[in-house]
1. Please check: in the Gaussian network model of the chain (C-alpha springs, under 10 Å), which one of Gly13, Gly157, Gly236 has the largest mean-square fluctuation.
2. Given the chain, what percent of its DSSP beta bridges are antiparallel, to the nearest 5?
3. Rounded to the nearest 0.05, what FRET efficiency is calculated for Thr262 and Asp138 with R0 set to 35 Å and r the Cβ-Cβ distance?
4. Name the residue farthest towards the positive end of the dipole of the chain from the options Gly184, Gly13, Val160, assuming +1 on Cβ of Lys and Arg, -1 on Cβ of Asp and Glu, about the Cα centre.
5. FRET efficiency for Lys314 and Ser269, Cβ-Cβ distance as r, R0 = 22 Å, nearest 0.05?
6. How big is Rg to Rh over region 233-318, alpha-carbon atoms, Rh as the Kirkwood inverse-mean-distance radius?
7. Rounded to a whole number of µm²/s, how large is the Stokes-Einstein D of the chain at 20 °C and 1.002 mPa s, given Rh as the Kirkwood radius over C-alpha pairs?
8. How many angstrom lie between the C-alpha centres of region 160-186 and region 1-76?
Amino acid sequence: MRVIIIGGTGHVGTYLVPELVEAGHEVINLSRQQHQPYQANSTWKKVRQVIVDRDLEEIAGTFGGRVSELHPDVVIDMICFKLESARQLVEALRGQVQHFLSCGTIWVHGPSKVVPTTEQQPREPFGDYGIQKAAIEDYLLEQAHRHGFPATILHPGHIVGPGWVPLNPAGHFNPVVFEKLARGEELTLPNLGMETVHHVHADDVAQSFMKALANWNAAVGESFHVVSPAALTLRGYAEAIADWFGQPTNLRYLPWEEWRNTVTVEESSATWDHIAHSPNCSIAKAERLLDYRPRYSSLQGVFESVEWLMHNGKIIVK
Ligand SMILES: NC(=O)c1ccc[n+]([C@@H]2O[C@H](COP(=O)([O-])OP(=O)(O)OC[C@H]3O[C@@H](n4cnc5c(N)ncnc54)[C@H](OP(=O)(O)O)[C@@H]3O)[C@@H](O)[C@H]2O)c1
């Protein structure tokens, strides 16, 4: 099939595009060509690159037509963040594609309630990102159910893999947290460290897209969580990282209002976003309908990322 991927050189595309090529598909990547995949792979030579700035073309109203003119059988939209963006693409592709796969986020749920959260639970998103992603999901599912548009939405957790900084046990992205744990130094966590995070390896996200393509009947008109088999508490995550480095865990806890003043505004904002959601999602639906079988636990994914941080001088652990 001719598969168009919009934004295929990022975390997920690094794994997904080579798998699509290896499966025999003709792959066209649409991006600005400002970023290269995180890992080299000879299959990229077979990928046609089309340089496009989606934001600019959407404003001009030409983006949907641009994708449609490439006559795709399948469109994978990795970078849809606004309802209007989804609408423009669907209007242009209606009746033309066999499968339309959109990358969502587990943030569509808002704060966790009954855990593990299932896809069936009502959406109560907060923050523009989660609200827009939930609106996109709602729209695509309605298009599928009422108008036969062949949409599937895949909702990843915190994507990890070698090449970028993983979400850390304090709920933000400053890699110094890993250095502290590696040296057995004190790490302060908000509240009791019992709030949760739910990672997924980018390779497993790629797997979910491949499995959705392979299981068209079960996938169309559905959305799926794509996370590791189990979420982690911040405390459990910190303990596992310290242990991995052969160090005792030296944790201290502070109420949120005090803790937030111990880190930068950027860090506290990232942590708040993560602990206010405290995701803990079920993969039962993806296992049952797509045969999704994540290769990585949360910690296995993070360990691989942290090894990359060490080997590339991003953290110093001695
Ligand atoms: N990161 C996470 O932890 C996380 C968690 C849950 C869900 N998600 C979802 O995952 C998706 C992102 O996937 P990813 O993490 O694999 O992507 P990514 O690493 O952020 O890469 C973005 C891709 O889109 C391209 N791109 C960015 N802006 C563009 C534009 N204006 N026009 C055309 N191409 C553009 C980039 O290439 P150029 O820069 O060269 O254009 C690159 O190929 C999003 O839908 C996000 O909501 C991410």
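All of the numbers you see were taken from the coordinates with simple rules; none came from a lab. Computed from a predicted model, the values in this text were never measured in an experiment. In this analysis, Cβ positions are derived from the backbone assuming ideal geometry, glycine residues included, and neighbour counts consider all displayed protein chains.
1. Of the options given, Gly236 has the highest mean-square fluctuation.
2. Details: 2 of 36 bridges.
Beta bridges within the chain, antiparallel portion: roughly 5 percent.
3. 0.35
4. With unit charges placed on the Cβ atoms, the residue in question is Gly13.
5. Working: r = 22 Å, r/R0 = 0.98.
Calculated transfer efficiency: 0.55.
6. Working: Rg = 16.3 Å, Rh = 15.8 Å.
Result for region 233-318 is an Rg/Rh of 1.03.
7. Details: Rh = 20.3 Å.
Value of D from the Cα-based Kirkwood radius: 106 µm²/s.
8. If we compute the Cα centre of each part, the gap is 31 Å.
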